[in-house]
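Peer 1: Handing you this structure, nothing more for now.
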Amino acid sequence: MNFAEYSIKNKVISWLFVLLLLIGGTVSFFKLGQLEFPEFTIKQALVVTAYPGASPEQVEEEVTLPIEDALQQLEGIKHITSVNSAGLSQIEIEMAEHFGPDELPQVWDEVRRKVNDLMDSLPPGAMKPKVIDDFGDVYGILLNLTGDGYSDREMQNYADILRRELVLVDGVKKVTIAGKVKDQVVVEISQKKLNALGLNQDYLYSLIQAQNVVSNAGSVRVGDNRIRIHPTGEFDDVAQMQRLLISPPNSHKLIYLGDIAKIYKDTEEQPSNIYHSNGNKALSIGISFSSGVNVVDVGEAVNNRMKALNGELPIGMALNTIYDQSKMVNETVSGFLINLAESIGIVIVVLLIFMGLRSGLLMGLVLLLTILGTFIMMNILNIELQIISLGALIIALGMLVDNAIVVTEGILIGTKLGKSRFETAKNVITQTQWPLLGATIIAIMAFAPIGLTETATGEFCRSLFQVLLISLFISWITAMTLTPFFCHLMFKDGEVNIEENQDPYKGILFTVFRQILNLAMRFRWTTLFLVIIALISALIGFGQVKQVFFPASNTPIFFIDVWMPEGTDIKATEKQISLIESDILEQQAKENIGLVNLSAVVGQGAQRFNLSYMPEKGYRAYGQIIIEMTDLTTLNTFMRKLEQELSVSFPQAEYRFKYMENGPAPAAKLEARFFGDDPIVLRQLAAQATEILNSEPTAVSVRHNWRNQVTLIRPQIALAQARESGISKQDLDDALLVNFSGKQIGMYRENSHLLPIIARAPANERLDADSISKIQVWSSSYHEFVPITQVVSSFETEWENPLIMRRDRKRVITVLADPVNGQGETSDSVLNRVKADIEAIPLPAGYEFEWGGEREISKEAEAGVFSSIPLGFLAMFIITVVLFNSVKQTLVIWFTVPLAMIGVATGLLLFNAPFSFMAMLGILSLTGMLIKNGIVLVDQINVELGEGKPPLQAVIDSTISRVRPVLMAAITTMLGMLPLINDAFFGSMAITIIFGLGFASVLTLIVLPVTYTLMFGIPTHFEQRKEGLIK
């Protein structure tokens, strides 16, 4: 008993199976998690170590090198990169691709142990390294809190209230507040007053620190009770600090701190980052979701809680949504579901037109049940609805009806020949079940390289393989069971009564095709020659196709990276950003340019609100403007305009304009890396590469990551005089620190907040660089102040490298550039123009060069996929051999696979579309589709030969009998891809499949029978007549 016989005889079980798919699939669909992108493991962590006062070289040699050496001992390190700046080491660890989300927490714990074990060997003055392993957290909802007229503390207090409320929402993992500017207590001590009183600054600092310390005074027993003792004296208010008695011991004068110092609360002078929202100062509130949740449902719950909290929002404060992944996901999923519905509709309409009402409805129902069955398995395997899995469903649509078309076509023809439905169904299933299973497995295995690769791109696209595997296998099950069951219900026995020897393929389609096939058979070698010429031409033309890795996103958001000259104060960078913001807001007010949101962050990148967004590390000279527009049209228009205006209106900065990406986003599309030891040589090499890129008009935003050199003031200590005056280098450093930046001398407690107490000179002394020569240094030996000029012979100005970059334990300077926007250029097209010149730059001995950027990421992804392709293709080839027990027939089938490139190259060139990673996946899918078509055709030839037909007649009749199934499968797949043809992410893949399958399907129906007759030495009618075999 085969599948058809069982399903037809056991109607109750068949209907139960239908109801299970229908109800279970519907329920599962509504239970599926929804995301914008697949869940993806960020395999990076940061180790940040402060080393106040150290130069970039000292940071590199004394802090970064030891930590790098320790980290290198870890198993599975992919890359270690570091940024060394004055007083700060930032080391990024990237783990190998095979580490999953369950393994990484253990890896980061091992990193902490390695770093903690190293603490004793770090230099004195180096702070404890911080391991930041939530560097990759994605904040699905990003809010900006502004407050006109509110202090930083008041805004932070309300942001903390919001955080405490929102973190309680079910499905919320974490709420983080960024952009906090810390309060501090400032003690401004005039150098002149200290000199006049002869007070030691260290003595003052110790008094302040000791007075406000929390210490244990013990307790006393009184009777049966024990009473705690807690003396007064702590500062309850900043004003109390002014009344701190600072008279020296044995002094008869009462001197208070307020007599010689101005004491007040202020914000820190050098915040690490600053946020703006629509030109106003803001705090950034990031909300991340738990794993596996339905982002739309959690986002709705968060927004409902926000609405409830809005009633408590203080007047003057405002919350602005910068990014809401739940709404983006809802729009994306809704859009894809519409595309999916359109594709299903197109497939059913095509089937109705070409195969009749009953056949079309039957296969439409089978297609729907197959998709619902896929939803059931997706729910069981926790595969969410997101851009990749939904795209996989659309890719699979045409393939899902392939098996049903073959079965329905066979049953339809059998009934037309007067056979009973039951016997026809049994015979068709018996004939096709194993060839179709083999063909389905081969179609699945064509995508195996995506499922097997351990690269980041493979992980990103893995759900594509999983969904295709599930859906295609279910399509075979439904084709073997439900399709004959429905055919038995909907068709009639011998519906059209015709003679057995009458040709059932008499339509115009079959007549025209028969003539074309006979012509190709007559001129077999000419046919093959023309096809090979077309294939070679297509491969040559493919060389002209633009190459990209992942296309930009459809989200109407773009970014402007603003780089001020290195050494710029963060407040000056903020001022520059504010000027640009004001200009943009003014244009919106005057012209309504389509601006929706304008956000900015200074000092580093924003909180990661999108999987593909890579925040920039901490640089005081860096700022980023995030601009949301109404749609992509207004975005492109304004972006082009702004690109031209900014460099003219604000030429003091460097700018990089970039779209939101769909895939991995490197620091720049083009990266040229030079490795070596000498900073001077590295800068010379970078200068040569920069000059080459600047001379290329299609390359913009050219720069290198060591940035410009900065000036350094180097007081030259006169060692003999300093020794004689009893002044050490530490004394000199402290005097300079207090006079200019300020020195932390204690902590002030204000409720739950701990505020640093900063001692510094008044503004008129602190902000005047010339006052450096007027500084007085306290001599602990002589208990008096000594003029700095007495211990410093001169003040020299030198140049230093503000940043020293390292990669894999070697110094590296990277030249960065991007293709010009709006002109159809890609990183690959620009690279091809400059590659030879940059690679021709002579390298000194011991220096190395490599390409990074998009080229490196795409090569890694392709290498991961291609490493699995040979094994996958070998398995596919073996399965084909096993199916037919013939190498010759297998070779005939596989010969048709490259023909898809004729259509692929034609389509991409015609639409001027780039060949992306997704297009490469399209080619893999074409491989499975074409082999499946070939298997079905060759299997039919074997059936015809088994019935005793002459070889040539068997080949021709089999080919004609497979015209409709092959063309129907191709047309349904091609038209099903039409809704995606203008999609930014799937567009190139849709073009690849539509044109590749269209060309290859037609050519397969001609080339395969021609190749078959040549491979097996079957003479054509013309050759037989020539030899007198046919009268």
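Peer 1: Limited to segment 898-920, what total is found for residues that are in contact with a strand residue (DSSP E or B) (Cβ under 7 Å, 6 or more places away or on another chain) and not aromatic (F, W, Y)?
Peer 2: Here the count works out to 2.
Peer 1: For the list (1) at positive phi; (2) crowded, with 24+ Cβ neighbours inside 10 Å, I need the number of the one condition that N382 fails.
Peer 2: (2)
Peer 1: Please go through segment 972-1001 and pick out each residue that is part of a loop (DSSP other than H, G, I, E, B), closer than 20 Å to G345 by Cβ and among the hydrophobic types (A, V, I, L, M, F, W, C).
Peer 2: M977, I981, F986
Peer 1: Further question on the same structure: I want to confirm something. Restricting to segment 241-260 and keeping residues that are under 17 Å from N200 (Cβ atoms) and among the aliphatic types (A, V, I, L, M), which single residue is surrounded by the fewest Cβ atoms within 10 Å (Cβ to Cβ)?
Peer 2: Ranking the candidates gives L245 first.
Peer 1: Tell me, yes or no, whether segment 159-173 has at least one residue that is over 30 Å from V296 (Cβ atoms), modelled with pLDDT under 95 and not β-branched (V, I, T).
Peer 2: So far as segment 159-173 goes, no, none of its residues is over 30 Å from V296 (Cβ atoms), modelled with pLDDT under 95 and not β-branched (V, I, T).
Peer 1: Looking only at strands (runs of 3 or more DSSP E) that lie completely in segment 627-713, which have at least 2 residues being crowded, with 21+ Cβ neighbours inside 10 Å and small (G, A, S)?
Peer 2: 699-704
Peer 1: So for segment 216-234 (the condition being over 26 Å from S779 (Cβ atoms), among the acidic types (D, E) and touching a strand residue (DSSP E or B) at 6+ places or on another chain (Cβ under 9 Å)), does at least one residue qualify?
Peer 2: For segment 216-234, residues over 26 Å from S779 (Cβ atoms), among the acidic types (D, E) and touching a strand residue (DSSP E or B) at 6+ places or on another chain (Cβ under 9 Å): present.
Peer 1: I've got another one for you. Quick check on my filter: what residues within segment 798-851 are among the small types (G, A, S) and not in a strand (DSSP E or B)?
Peer 2: Hits for segment 798-851 are G822, G824, S827, S829, A836, A840, A845, G846.
Peer 1: Looking at segment 555-576 only, could you name the residues that are part of a loop (DSSP other than H, G, I, E, B) and either acidic (D, E) or buried (at least 18 other Cβ atoms within 10 Å of the Cβ) (or both)?
Peer 2: Across segment 555-576, the qualifying residues are T555, P556, M564, E566, T568, D569.
Peer 1: While we're on this one: So if I check each of S925, S868, S916, S858, which one is within 34 Å of the chain's Cα centre (by Cα) and closer than 19 Å to N403 by Cβ?
Peer 2: Only one candidate passes the filter, namely S925.
Peer 1: While we're here: Just to verify a result, which residue in segment 504-540, among those that are exposed (fewer than 13 other Cβ atoms within 10 Å of the Cβ) and not in a helix (DSSP H, G or I), is nearest to the chain's Cα centre (by Cα)?
Peer 2: Only one residue fits best here, namely G507.
Peer 1: Can you tell me which residues in segment 685-704 are touching a strand residue (DSSP E or B) at 6+ places or on another chain (Cβ under 6 Å) and either among the charged types (D, E, K, R) or assigned by TED's automatic domain parsing to the domain that holds A86 (or both)?
Peer 2: R703 - this is the single residue of segment 685-704 that is touching a strand residue (DSSP E or B) at 6+ places or on another chain (Cβ under 6 Å) and either among the charged types (D, E, K, R) or assigned by TED's automatic domain parsing to the domain that holds A86 (or both).
Peer 1: So is P52 in a loop (DSSP other than H, G, I, E, B), touching a residue at least 60 places away in the same chain (Cβ under 8 Å), in contact with a Gly (Cβ under 6 Å, 6 or more places away or on another chain) and surrounded by fewer than 17 Cβ atoms within 10 Å (Cβ to Cβ) or not?
Peer 2: When the stated conditions are applied, P52 passes them.
Peer 1: Examine segment 936-952 for a residue that is without any contact (Cβ under 8 Å) to a residue 60 or more places away in the chain, touching an Asp or Glu at 6+ places or on another chain (Cβ under 6 Å) and either charged (D, E, K, R) or surrounded by fewer than 24 Cβ atoms within 10 Å (Cβ to Cβ) (or both), and state whether such a residue exists.
Peer 2: Among the residues of segment 936-952, at least one is without any contact (Cβ under 8 Å) to a residue 60 or more places away in the chain, touching an Asp or Glu at 6+ places or on another chain (Cβ under 6 Å) and either charged (D, E, K, R) or surrounded by fewer than 24 Cβ atoms within 10 Å (Cβ to Cβ) (or both), which makes the answer yes.
Peer 1: Another question, if that's okay. Given (1) closer than 21 Å to L997 by Cβ; (2) in contact with a Phe, Trp or Tyr (Cβ under 8 Å, 6 or more places away or on another chain); (3) surrounded by 20 or more Cβ atoms within 10 Å (Cβ to Cβ), where does W894 come up short, assuming only one miss?
Peer 2: Going through (1) closer than 21 Å to L997 by Cβ; (2) in contact with a Phe, Trp or Tyr (Cβ under 8 Å, 6 or more places away or on another chain); (3) surrounded by 20 or more Cβ atoms within 10 Å (Cβ to Cβ) one by one, W894 breaks only (3).
Peer 1: Here is a follow-up. Of the residues L924, L891, which is touching a residue at least 60 places away in the same chain (Cβ under 8 Å), over 20 Å from T973 (Cα atoms) and out of contact with any helix residue (DSSP H, G or I) (no Cβ under 6 Å at 6 or more places or on another chain)?
Peer 2: After applying the criteria, what remains is L891.
Peer 1: Still on this structure, I have one more. With the checklist (1) over 30 Å from A572 (Cα atoms); (2) at pLDDT 85 or above; (3) among the hydroxyl-bearing types (S, T, Y) in hand, flag the one item S247 doesn't pass.
Peer 2: (2)
Peer 1: Only one of these conditions is not met by G418: (1) assigned to a loop (DSSP other than H, G, I, E, B); (2) crowded, with 18+ Cβ neighbours inside 10 Å. Which number is it?
Peer 2: (2)
Peer 1: Somewhere in segment 320-330, is a residue farther than 30 Å from I758 by Cα, surrounded by fewer than 17 Cβ atoms within 10 Å (Cβ to Cβ), touching a residue at least 12 places away in the same chain (Cβ under 8 Å) and over 25 Å from the mean Cα position of the chain (by Cα)?
Peer 2: no
Peer 1: Need the failing condition index for L197 against (1) modelled with pLDDT under 90; (2) within 23 Å of the chain's Cα centre (by Cα), just the number.
Peer 2: Here L197 meets the rest and fails (2).
Peer 1: Right, another one. Out of curiosity, is G391 in contact with a helix residue (DSSP H, G or I) (Cβ under 6 Å, 6 or more places away or on another chain) and crowded, with 23+ Cβ neighbours inside 10 Å?
Peer 2: no
The values are calculated or read from the model by the stated rules, or taken from the named source; none is laboratory data. None of the values given here were measured: they were computed from a predicted structure. Note: ideal-geometry Cβ built from the backbone for every residue, glycine included; neighbour counts use all protein chains shown.
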